[in-house]
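K.L.:
Here's a structure for you.
The values are calculated or read from the model by the stated rules, or taken from the named source; none is laboratory data. No experiment lies behind these values; they were computed from the predicted model shown. Counting neighbours? That spans all protein chains shown, and the Cβs are built from the backbone with ideal geometry, glycine included.
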Amino acid sequence: MTNALEIEGLTKTYGDGFQALKGIDMNVRQGDFFALLGPNGAGKSTTLGIVSSLVNKSAGKVRVFGCDIDTHLSDAKLNLGVVPQEFNFNQFEKVFDIVTTQAGYYGIPLKQAKVSAEKYLRKLGLWDKKDTPARMLSGGMKRRLMIARALVHEPKLLILDEPTAGVDIELRRSMWTFLEEMNREGTTIILTTHYLEEAEALCRNIAIIDHGRILRHTSKRDLLQQLHVETFVLDTESTLTEAPALADFPCRLDDEGALEVDVQKGQGLNKVFVELDALGIKVVSMRTKANRLEELFIRMVEENAAGKGAAGAQGGAA
Amino acid sequence: MTPHAMMTAFSTIVIREVRRFTRIWPQTLLPPAVTMTLYFIIFGNLIGSRIGDMGGFDYMSFIVPGLIMMAVITSSYANVVSSFFSMKFQRSIEELLVSPVPNWIILAGYVCGGMARGLGIGFIVTLLSLAFTRLQIHNLPMVVVTVFLTSALFAVGGFINAMLATKFDDISIVPTFVLTPLTYLGGVFYSISMLPDFWQGVSMINPILYMVNAFRYGILGVSDVNPFVALGMILVFISLFSAVALRMLARGKGIRH
């Protein structure tokens with residue numbers, strides 16, 4: 001089966017000499033829900049910008065459903081829908097006109113464009129705003145408008161750069177449901193996000209990028225198996241003044257007096273409760289301290305930064 | 001893209017452009033109509049009656065072709081430069097860049113959008129001129145060809161200006177410091193035969209002089225230059241400017257990082 005996206009040796013050096021991408025390789029399978037994660041300035045938007053023709057690459061190969069962007073750019077673009085990070089529509093145009101005009105750019109006749117625009121505006125809850133100038137929409141509506149615009153030509157690959165940035169939780173969840181539905185119907189989806197909870201909830205495969213290099217490119221399942229320690233926060237019935245001494249689990253009190261317990265991979269949670277029970281401590285509720293993927297992500301980026309620091313120090317000494 | 005799909009994309013750009021300038025008609029269509037009416041009243045009626053004949057015609061008849069041309073030139077240019085730069089500024093140009101529309105269709109769409117406004121203004125000014133003078137047409141094909149080609153040339157010029165512009169100031173520099181002086185010195189209000197030899201020679205390097213005179217020839221049958229040379233020059237400049245604009249689009253000058 002053809003990959004939805006293939007990237008080989010992609011590099012990008014901007015005019016000021018900044019090397020945003022240092023030869024990345026990445027494949028996204030057809031039908032995948034893929035996350036490209038990384039801290040600010042890691043190269044996520046540059047990568048997606050090159051794939052969507054908004055950024056010129058310096059070197060490397062990019063293929064969208066087998067169509068090389070150097071030789072078959074038009075075919076590659078037909079397969080692609082792009083939702084950028086920043087609002088990039090004419091704020092004075094009406095919602096319906098923005099979506100139908102975009103369809104026209106893909107060669108879709110107006111009659112057909114109107115049908116497709118209505119379908120996606122309805123799905124995204126914007127149909128009653130179709131005659132509203134875009135500038136009058138709320139932030140969340142503007143994001144949904146960009147998704148409707150990207151889907152109007154029914155692309156096989158949808159790229160979303162921070163699609164839920166600045167969107168409230170309720171709307172974010174409804175957008176997740178929508179994207180999952182699109183994915184189930186066969187659309188391959190690639191997203192970048194700062195909400196790692198989002199990537200963990202939606203994506204099957206993940207690439208982590210930092211300083212223009214791919215640190216990890218694997219399935220979410222494999223990635224999460226690398227998490228050796230997970231921290232749980234336990235709310236106790238009575239307020240603790242100091243952390244109890246548990247035999248097998250390092251623990252401490254957080255700023256609000258809740259008990260934080262580190263549990264190694266393979267250790268049973270039951271044992272924590274047994275030990276606490278023996279000390280007469282009753283647990284009333286429990287949650288994980290951080291999202292699991294977030295813990296891994298932070299660790300990888302920190303390790304990468306530490307590695308660079310050490311290399312830099314060695315280079316300086318030489 | 002199939003030819004049919006390209007045609008759809010082209011018409012989408014043109015319709016979008018026409019929708020834009022008609023939506024803001026008080027900024028785009030009304031001002032040139034008011035300005036040209038003032039020119040007709042002040043230069044044509046009040047001052048023109050004291051000037052007498054020029055090139056064998058009364059002064060009002062003489063300046064009408066030049067004023068129509070001036071309106072066409074400035075409107076064609078202004079439409080493309082302001083629309084395309086606004087798209088760059090708002091980043092809505094990305095809507096086109098991610099789509100499969102070929103660059104030449106993008107250029108053709110914007111140029112036709114600019115021509116729609118330029119020719120529309122030309123038509124409005126022509127109608128207004130009828131209130132002040134009786135227009136005769138000496139050579140209709142020459143009138144039509146000259147006005148279309150001139151409008152196209154300045155629309156392409158506006159496109160290049162918009163590609164190069166990085167701030168709003170940049171889109172008013174050329175109209176203010178290049179187009180307006182060249183238009184005023186391009187024989188709109190006078191025949192260059194009135195000028196001393198030296199200034200006649202200098203005027204001959206002003207391309208707008210050729211366009212105004214070719215158009216005047218079509219309407220009145222008089223011209224300071226050979227109108228066919230003028231048409232040839234316009235075609236050469238259109239080809240040259242289009243090649244430059246397409247090269248800029250291919251390289252993503254100012255629109256791709």
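K.L.:
Keeping to the stretch B:124-150, report how many residues are more than 21 Å from B:TYR59 (Cα to Cα) and either at pLDDT 95 or above or not hydroxyl-bearing (Ser, Thr, Tyr) (or both). Before you say what the answer is, go through the steps one by one.
P.N.:
Restricting attention to the stretch B:124-150, the residues satisfying the condition of being more than 21 Å from B:TYR59 (Cα to Cα) are B:140-142, B:144-150.
Next, from what is left, pick out any that are either at pLDDT 95 or above or not hydroxyl-bearing (Ser, Thr, Tyr) (or both): B:140-142, B:144-145, B:147-149.
Adding up the residues that qualify gives 8.
K.L.:
Are there any helices (runs of 4 or more DSSP H) wholly within the stretch B:18-64 with 1 or more residues that are among the hydroxyl-bearing types (Ser, Thr, Tyr) and within 14 Å of chain A (Cβ to nearest Cβ), and if so which? Outline the logic, then answer.
P.N.:
Working: elements: B:25-28, B:30-39, B:48-51.
Where helices (runs of 4 or more DSSP H) fall fully within the stretch B:18-64 and carry at least 1 residues being among the hydroxyl-bearing types (Ser, Thr, Tyr) and within 14 Å of chain A (Cβ to nearest Cβ), they are B:25-28.
K.L.:
Considering B:ILE47, B:ILE24, which residue is surrounded by fewer than 18 Cβ atoms within 10 Å (Cβ to Cβ), under 20 Å from the mean Cα position of the chain (by Cα) and either among the basic types (Lys, Arg) or more than 17 Å from B:VAL125 (Cβ to Cβ) (or both)? Don't jump to the end; show me each part of the working.
P.N.:
Numbers: B:ILE47 fails: under 20 Å from the mean Cα position of the chain (by Cα).
Going through B:ILE47, B:ILE24 in turn, the sole match is B:ILE24.
K.L.:
Look through A:LEU158, A:LEU191, A:LEU137 and report the one residue that is closer than 16 Å to A:LYS94 by Cα and either outside the structural domain of A:GLN85 (by TED's automatic domain parsing) or at pLDDT 90 or above (or both).
P.N.:
Details: A:LEU158 fails: closer than 16 Å to A:LYS94 by Cα; A:LEU191 fails: closer than 16 Å to A:LYS94 by Cα.
Result: A:LEU137 is the single residue among A:LEU158, A:LEU191, A:LEU137 that is closer than 16 Å to A:LYS94 by Cα and either outside the structural domain of A:GLN85 (by TED's automatic domain parsing) or at pLDDT 90 or above (or both).
K.L.:
For B:GLY201, are the conditions met, namely being farther than 30 Å from A:GLY15 by Cα, over 14 Å from the mean Cα position of the chain (by Cα), of a type outside the set (Lys, Arg) and at pLDDT 90 or above?
P.N.:
Working: farther than 30 Å from A:GLY15 by Cα: yes; over 14 Å from the mean Cα position of the chain (by Cα): yes; of a type outside the set (Lys, Arg): yes; at pLDDT 90 or above: no.
Against the criterion (farther than 30 Å from A:GLY15 by Cα, over 14 Å from the mean Cα position of the chain (by Cα), of a type outside the set (Lys, Arg) and at pLDDT 90 or above), B:GLY201 does not qualify.
K.L.:
On to the next question. Considering only the stretch B:238-255, I want to know if a residue exists there that is surrounded by fewer than 13 Cβ atoms within 10 Å (Cβ to Cβ), within 14 Å of chain A (Cβ to nearest Cβ) and either in contact (Cβ under 8 Å) with a residue 24 or more places away in the chain or on the phi > 0 side of the Ramachandran plot (or both).
P.N.:
yes
K.L.:
Taking the stretch B:118-146 on its own, how many of its residues are aromatic (Phe, Trp, Tyr) and in contact with a helix residue (DSSP H, G or I) (Cβ under 6 Å, 6 or more places away or on another chain)?
P.N.:
1
K.L.:
How do the strands (runs of 3 or more DSSP E) wholly within the stretch A:176-226 filter down when requiring 2 or more residues that are free of Cβ contacts under 8 Å to residues at least 60 places away in the same chain: which remain?
P.N.:
Values: elements: A:188-192, A:205-210, A:213-219.
Correct list: A:213-219.
K.L.:
With respect to the numbered conditions (1) surrounded by fewer than 24 Cβ atoms within 10 Å (Cβ to Cβ); (2) among the hydrophobic types (A, V, I, L, M, F, W, C); (3) closer than 23 Å to B:LYS253 by Cβ; (4) more than 7 Å from chain B (Cβ to nearest Cβ), which one is the sole condition not fulfilled by A:VAL55?
P.N.:
(4)
K.L.:
Within the stretch B:78-85, identify whether any single residue is at the interface with chain A (Cβ under 9 Å from one of its Cβ atoms) and either in contact (Cβ under 8 Å) with a residue 12 or more places away in the chain or touching a helix residue (DSSP H, G or I) at 6+ places or on another chain (Cβ under 7 Å) (or both), and answer yes or no.
P.N.:
Narrowing the stretch B:78-85 to residues at the interface with chain A (Cβ under 9 Å from one of its Cβ atoms): none.
Taking every residue of the stretch B:78-85 in turn, none turns out to be at the interface with chain A (Cβ under 9 Å from one of its Cβ atoms) and either in contact (Cβ under 8 Å) with a residue 12 or more places away in the chain or touching a helix residue (DSSP H, G or I) at 6+ places or on another chain (Cβ under 7 Å) (or both).
K.L.:
What helices (runs of 4 or more DSSP H) lie completely within the stretch B:136-185 and have 3 or more residues being small (Gly, Ala, Ser) and within 17 Å of B:ILE121 (Cα to Cα)?
P.N.:
Working: elements: B:140-164, B:170-174, B:180-184.
It comes to B:140-164.
K.L.:
Filter the stretch A:135-174 for residues that are surrounded by fewer than 22 Cβ atoms within 10 Å (Cβ to Cβ), over 21 Å from A:ALA35 (Cβ atoms) and among the aliphatic types (A, V, I, L, M) and give the result.
P.N.:
A:MET136, A:LEU137, A:MET141
K.L.:
Please specify each residue of the stretch A:227-254 satisfying the condition of being assigned to a loop (DSSP other than H, G, I, E, B), more than 17 Å from A:ARG299 (Cβ to Cβ) and within 30 Å of the chain's Cα centre (by Cα).
P.N.:
The one that is assigned to a loop (DSSP other than H, G, I, E, B), more than 17 Å from A:ARG299 (Cβ to Cβ) and within 30 Å of the chain's Cα centre (by Cα): A:ASP254.
K.L.:
Is it the case that A:LEU80 is within 8 Å of another protein chain (Cβ to nearest Cβ) and at pLDDT 90 or above?
P.N.:
Details: within 8 Å of another protein chain (Cβ to nearest Cβ): yes; at pLDDT 90 or above: yes.
Yes; evaluated as a whole, the condition is true for this residue.
K.L.:
All but one of (1) in a helix (DSSP H, G or I); (2) touching a residue at least 40 places away in the same chain (Cβ under 8 Å); (3) at the interface with chain B (Cβ under 7 Å from one of its Cβ atoms) hold for A:GLY104; state the number of the condition that does not hold.
P.N.:
Answer for A:GLY104: the failing condition is (2).
K.L.:
Which residue, of A:ALA165, A:ALA201, A:ALA148, A:ALA113, is small (Gly, Ala, Ser) and touching a Ser or Thr at 6+ places or on another chain (Cβ under 7 Å)? Can you show your working first?
P.N.:
Details: A:ALA165 fails: touching a Ser or Thr at 6+ places or on another chain (Cβ under 7 Å); A:ALA201 fails: touching a Ser or Thr at 6+ places or on another chain (Cβ under 7 Å); A:ALA148 fails: touching a Ser or Thr at 6+ places or on another chain (Cβ under 7 Å).
Of A:ALA165, A:ALA201, A:ALA148, A:ALA113, the one residue that is small (Gly, Ala, Ser) and touching a Ser or Thr at 6+ places or on another chain (Cβ under 7 Å) is A:ALA113.
K.L.:
Follow-up question, since we're still on this one. How about the stretch A:126-141: which of its residues are assigned to a helix (DSSP H, G or I) and small (Gly, Ala, Ser)? Give the steps one after another, and end with the answer.
P.N.:
At the first step, the residues of the stretch A:126-141 found to be assigned to a helix (DSSP H, G or I) are A:127-129, A:134-136, A:139-141.
Result: A:ALA134, A:GLY139, A:GLY140.
K.L.:
Within the stretch A:59-68, identify whether any single residue is part of a loop (DSSP other than H, G, I, E, B), within 20 Å of A:GLN30 (Cα to Cα) and either of a type outside the set (D, E, K, R) or more than 12 Å from chain B (Cβ to nearest Cβ) (or both), and answer yes or no. Show your work before the answer.
P.N.:
Applying the first criterion (part of a loop (DSSP other than H, G, I, E, B)) to the stretch A:59-68 yields A:65-66.
With within 20 Å of A:GLN30 (Cα to Cα) added as a condition, the list becomes A:65-66.
Subsequent filtering for residues that are either of a type outside the set (D, E, K, R) or more than 12 Å from chain B (Cβ to nearest Cβ) (or both) retains A:65-66.
The answer is yes, given that some residue of the stretch A:59-68 is part of a loop (DSSP other than H, G, I, E, B), within 20 Å of A:GLN30 (Cα to Cα) and either of a type outside the set (D, E, K, R) or more than 12 Å from chain B (Cβ to nearest Cβ) (or both).
K.L.:
Can you tell me which residue among B:THR166, B:THR150, B:THR176, B:THR146 is free of Cβ contacts under 8 Å to residues at least 12 places away in the same chain, among the hydroxyl-bearing types (Ser, Thr, Tyr) and over 30 Å from A:PRO155 (Cβ atoms)?
P.N.:
Working: B:THR166 fails: free of Cβ contacts under 8 Å to residues at least 12 places away in the same chain; B:THR150 fails: free of Cβ contacts under 8 Å to residues at least 12 places away in the same chain; B:THR146 fails: free of Cβ contacts under 8 Å to residues at least 12 places away in the same chain.
Exactly one residue qualifies, and that residue is B:THR176.
K.L.:
Does A:GLY81 meet the test of being in contact (Cβ under 8 Å) with a residue 12 or more places away in the chain, closer than 25 Å to A:GLU200 by Cβ, outside any loop (DSSP other than H, G, I, E, B) and touching a Leu at 6+ places or on another chain (Cβ under 9 Å)?
P.N.:
When the stated conditions are applied, A:GLY81 passes them.
K.L.:
Determine whether the stretch A:110-125 contains at least one residue that is closer than 26 Å to B:PHE10 by Cβ and not in a helix (DSSP H, G or I). Please lay out each step first, then the result.
P.N.:
Residues of the stretch A:110-125 that are closer than 26 Å to B:PHE10 by Cβ, as a first pass: A:110-121.
Then keep just the ones that are not in a helix (DSSP H, G or I); that gives none.
The answer is no; no qualifying residue exists.
K.L.:
Further question: A:GLN91: farther than 17 Å from A:LEU5 by Cβ and at the interface with chain B (Cβ under 9 Å from one of its Cβ atoms), yes or no? Outline the logic, then answer.
P.N.:
Details: farther than 17 Å from A:LEU5 by Cβ: yes; at the interface with chain B (Cβ under 9 Å from one of its Cβ atoms): yes.
Yes.
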